[in-house]
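Okay, structure first, notes after.
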């Protein structure tokens, strides 16, 4: 079955947009018109900022007031020194042409920039290499944050809400909702804070068009399964997850065992058959030799028949943003083309 899309022109057009937006926007423009509220109800990943959130100011106009998941924040000028504290926000900022001056990291991570982002933005290698590490995701170092003198701090409510008062005392702080399924609304909310809402909307609109085209060409005949192994923990992912939302965007069906309405479900080794699908996309954090060497793993039909694809765990299961989403879409395209 041939379902290949041509992504290179899309990526080149995004690169042109980013090149034009490397500096803060100077000219005011009209903010994008939100889709009707009823249109969001069919999608597990909200496609607009929540009602009453964001900024009414046109793109490029500062000061601006942004309503977000932590409250209301005034941003006096176009941000030049942005700090990101939560998973996925580095992805979104780079997509908008902004390289932060500092970021937090996960406890088991050595470098603050995931490999997929380093590969996507080789032209920003020097800037990414000089980002200051500001503590851990769940315990940001407030003194280190203050030392980098940010003019905007971004975090997820799910991870840093308790630090919001202290962060706001350092610099204007905007909180997104967090969790993978909310990646589109969170990306738009970040863009509202930066005065780049139209640019973000264009990226999402292009993505939606490409996802729908992939689904049309695939024809809905092949199910897609999402599974992640972390140590001895095994999870399958439901419809309201980052990868699940992208499959929904493309109209790709899910296996019956993965149509549940939570982000993920833990399964035992004896339940590995729940990971089967027309195509199985699995991520592994660290090593999982016992599980992947077991007979139960080898008996999963998708594994036994060569329809299982090991994917970049960072992009597919950890970082929910537009660059990761593009890699997920491209990965599904490549697998379905075989």
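The values are calculated or read from the model by the stated rules, or taken from the named source; none is laboratory data. Just so we're clear, the structure is a prediction, and the values are computed from it rather than from any experiment. We place every Cβ from the backbone using ideal geometry, glycine too, and count neighbours over all the protein chains shown.
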*Taking the condition touching a strand residue (DSSP E or B) at 6+ places or on another chain (Cβ under 9 Å), buried (at least 19 other Cβ atoms within 10 Å of the Cβ) and within 15 Å of residue 173 (Cβ to Cβ), does residue 81 pass?*
no
*Sole residue being surrounded by fewer than 19 Cβ atoms within 10 Å (Cβ to Cβ) and modelled with pLDDT under 95, chosen from 251, 231, 306*: 231
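Give me the helices (runs of 4 or more DSSP H) completely within the range 285-338, filtered to those with at least 3 residues that are under 25 Å from the mean Cα position of the chain (by Cα), ordered by residue number. First the steps, then the outcome.
Numbers: elements: 289-292, 295-298, 301-304, 322-336.
In the range 285-338, the matching helices (runs of 4 or more DSSP H) lie at 322-336.
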*May I ask you to say which residue of 135, 178, 155 is crowded, with 20+ Cβ neighbours inside 10 Å, at positive phi and not assigned by TED's automatic domain parsing to the domain that holds residue 313?*
178
*asked:* I need the full set of residues from the range 49-78 which are over 23 Å from residue 146 (Cβ atoms) and surrounded by fewer than 16 Cβ atoms within 10 Å (Cβ to Cβ), in order please.
replied: 51, 52, 56, 65
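Taking the range 187-198, which residues are more than 15 Å from residue 82 (Cβ to Cβ) and surrounded by 22 or more Cβ atoms within 10 Å (Cβ to Cβ)? If you could, list the steps in order and put the result at the bottom.
Our first condition is that a residue be more than 15 Å from residue 82 (Cβ to Cβ); within the range 187-198, this holds for 188, 197-198.
The answer is 188, 197.
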*Matching option when the condition is surrounded by fewer than 24 Cβ atoms within 10 Å (Cβ to Cβ), over 18 Å from the mean Cα position of the chain (by Cα), at pLDDT below 95 and under 22 Å from residue 132 (Cα atoms), among 101, 110*: 110
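Listed here are the residues, each with its yes/no results for (1) out of contact with any helix residue (DSSP H, G or I) (no Cβ under 8 Å at 6 or more places or on another chain); (2) modelled with pLDDT under 95.
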| position | (1), (2) |
| --- | --- |
| 32 | no, yes |
| 57 | yes, no |
| 65 | yes, no |
| 72 | yes, no |
| 82 | no, no |
| 105 | yes, yes |
*How many of the residues making up the range 259-269 are in contact with a helix residue (DSSP H, G or I) (Cβ under 7 Å, 6 or more places away or on another chain) and either assigned to a strand (DSSP E or B) or without any contact (Cβ under 8 Å) to a residue 60 or more places away in the chain (or both)?*
2
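So which residues in the range 64-100 are within 20 Å of residue 164 (Cβ to Cβ) and assigned to a loop (DSSP other than H, G, I, E, B)? Break it down into steps so the answer makes sense when it comes.
Just the residues of the range 64-100 that are within 20 Å of residue 164 (Cβ to Cβ), to begin with: 64-76, 79, 81-90, 92-93, 100.
Answer for the range 64-100, where residues must be within 20 Å of residue 164 (Cβ to Cβ) and assigned to a loop (DSSP other than H, G, I, E, B): 69, 70, 76, 79, 81, 85, 86, 87, 88, 100.
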_Take the residues in the range 113-122 that are surrounded by 14 or more Cβ atoms within 10 Å (Cβ to Cβ) and in contact (Cβ under 8 Å) with a residue 12 or more places away in the chain; name whichever of them is farthest from the chain's Cα centre (by Cα)._
121
